[in-house]
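Student: This is the structure, below, for whatever I ask next.
The values are calculated or read from the model by the stated rules, or taken from the named source; none is laboratory data. Here the structure is a predicted model, which means the values were calculated and not measured. Backbone-built Cβ (ideal geometry, glycine too); neighbour counts: all protein chains shown.
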Amino acid sequence: MIVKEEFLSRLKLYFSLNLYEVKIWTALLSRGVSTAGELSDIANVPRSRSYDVLESLEKKGFVVMKFGKPIKYMAVPPEEVVERVKKNMRIDAETKVKRLEELKKTEVLGELKTLFTQGVELVEPSDLSGSLRGRHNLYNHIDFTLKSAEDTITIVTTSAGLVRKVESLKGTLEKAKKRGVKIRIAAPITKECKGAVDDLKGIAEIKNVDKLNARFVVVDGKELIFMVLDDKDVHPTYDVGIWVNTPLFASALEQLFELAWKDMKPALKVIKE
């Protein structure tokens with residue numbers, strides 16, 4: 001049996017299986033019913049491992065063991081396997097979430113907080129920085145940083161970036177607004193982001209900027225996250241950002257923003273024009 005490596009890799013990803021498991025499984029699918037020895041030969045998997053692999057696949061719901069001598073294994077229809085895997089993943093995820101919720105009620109979390117708060121005092125300011133790769137990681141860290149905002153949130157972004165921030169950060173921005181945080185956003189206002197402007201009405205003050213091609217977030221004049229690439233030219237997977245806890249630079253950047261902010265037109269006015 002010849003199965004492309006690319007196909008096997010996709011199966012590993014989709015079904016969370018290891019290489020031996022996908023080889024044995026696809027071999028069994030091609031046969032319908034077979035013995036461990038036959039599958040070992042077809043899949044080119046060591047015979048000593050085939051029994052363990054089949055036992056694992058049986059527990060996961062991919063195969064059914066038939067009684068008799070020799071013992072044979074029967075493949076479960078792929079569409080049924082998909083449903084079983086979905087169910088198992090859902091149960092596993094719910095179990096893990098429940099375990100983490102229970103963690104909040106234990107002394108473990110308190111010890112972790114103590115370790116962090118006491119340990120952070122020993123960290124050099126230059127160490128409170130890092131690079132963030134991938135837009136998903138970037139937005140996770142931006143969201144984390146915004147949750148700690150107490151006074152101000154300043155965001156400069158692109159038109160497409162404004163739409164993304166509504167999709168990913170609206171809930172966090174709403175909560176910050178309720179805490180009394182002043183939120184200002186500057187972005188090129190286009191027809192594409194009109195809906196985003198409407199969604200943030202009452203949450204953030206938004207103005208049009210057409211001469212500044214930049215992407216950054218400043219929180220409380222202390223923390224800064226800036227993206228180093230143009231989002232028009234980079235795939236989300238390869239987007240890169242820098243996070244720095246630097247009151248000196250962050251406050252200076254916010255002061256420069258303040259000067260430019262005065263001359264920017266409100267977003268709603270630009271849309272009406």
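Student: Is it the case that the stretch 169-192 has a residue that's crowded, with 20+ Cβ neighbours inside 10 Å and of a type in the set (V, I, T)?
Tutor: So far as the stretch 169-192 goes, yes, one or more of its residues are crowded, with 20+ Cβ neighbours inside 10 Å and of a type in the set (V, I, T).
Student: Yes or no: A176 modelled with pLDDT of 95 or more and touching a strand residue (DSSP E or B) at 6+ places or on another chain (Cβ under 7 Å)?
Tutor: yes
Student: Across the stretch 204-215, which residue is farthest from Y139 (Cα to Cα) among those that are surrounded by fewer than 18 Cβ atoms within 10 Å (Cβ to Cβ) and of a type in the set (A, V, I, L, M, F, W, C)?
Tutor: Checking each candidate, the answer is L212.
Student: Only residues in the stretch 10-36 that are among the basic types (K, R) count as the first member; pair them with residues that are surrounded by 14 or more Cβ atoms within 10 Å (Cβ to Cβ), Cβ under 6 angstrom, at least 6 apart or cross-chain, and list the lot.
Tutor: Cβ pairs passing all conditions: K12/V22; K23/A43; K23/V45.
Student: Follow-up question, since we're still on this one. Pairs only if they're at least six apart or on different chains, beta carbon under 9 angstrom, first in the stretch 42-58 and in contact (Cβ under 8 Å) with a residue 60 or more places away in the chain and outside the structural domain of Y20 (by TED's automatic domain parsing), second surrounded by 13 or more Cβ atoms within 10 Å (Cβ to Cβ) and not aliphatic (A, V, I, L, M); list them, first residue then second.
Tutor: Close Cβ pairs (under 9 Å, with a partner that is surrounded by 13 or more Cβ atoms within 10 Å (Cβ to Cβ) and not aliphatic (A, V, I, L, M)) do not exist here.
Student: So which residues in the stretch 56-75 are assigned to a helix (DSSP H, G or I) and surrounded by fewer than 13 Cβ atoms within 10 Å (Cβ to Cβ), if there are any at all?
Tutor: Once the filter is applied, which keeps residues that are assigned to a helix (DSSP H, G or I) and surrounded by fewer than 13 Cβ atoms within 10 Å (Cβ to Cβ), the stretch 56-75 yields only K59.
Student: Please go through the stretch 16-28 and pick out each residue that is crowded, with 17+ Cβ neighbours inside 10 Å, out of contact with any Ser or Thr (no Cβ under 7 Å at 6 or more places or on another chain) and outside any loop (DSSP other than H, G, I, E, B).
Tutor: Y20, V22, K23, W25, T26, A27
Student: What are the pairs with Cβ atoms under 7 angstrom where one residue, in the stretch 244-256, is assigned to a loop (DSSP other than H, G, I, E, B) and the other, located anywhere, is surrounded by 14 or more Cβ atoms within 10 Å (Cβ to Cβ) and modelled with pLDDT of 90 or more? Sequence gap at least six, or different chains.
Tutor: Note: pairs meeting the criteria are T246/L224.
Student: Another question, then. In this structure, does K222 turn out to be touching a helix residue (DSSP H, G or I) at 6+ places or on another chain (Cβ under 7 Å), assigned by TED's automatic domain parsing to the domain that holds R133 and surrounded by 18 or more Cβ atoms within 10 Å (Cβ to Cβ)?
Tutor: Yes: the conditions hold for K222.
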